[in-house]
Amino acid sequence: MATSKWIKRLGVWGFFFFLCKGLAWLIVPVLLAKGVFSSMGD
């Protein structure tokens, strides 16, 4: 069945999407705490 290939492909992309999303939730607050974004506005 061709649909199983789509499900596997979707699962891989879903995994990477949530992996990046999870890393972003960890990295962004750290950068904000260090004042990286506030110094860029100067």
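The values are calculated or read from the model by the stated rules, or taken from the named source; none is laboratory data. Computed from a predicted structure; not experimentally measured. Every residue, glycine as well, gets a Cβ built from its backbone with ideal geometry; the counts of neighbours run over all protein chains shown.
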Worksheet item: F18 is checked against (1) at pLDDT 90 or above; (2) not in a helix (DSSP H, G or I) and fails just one. What number does that condition carry?
Response: (2)
Worksheet item: Is it fair to say A2 is surrounded by fewer than 10 Cβ atoms within 10 Å (Cβ to Cβ) and modelled with pLDDT of 85 or more?
Response: no
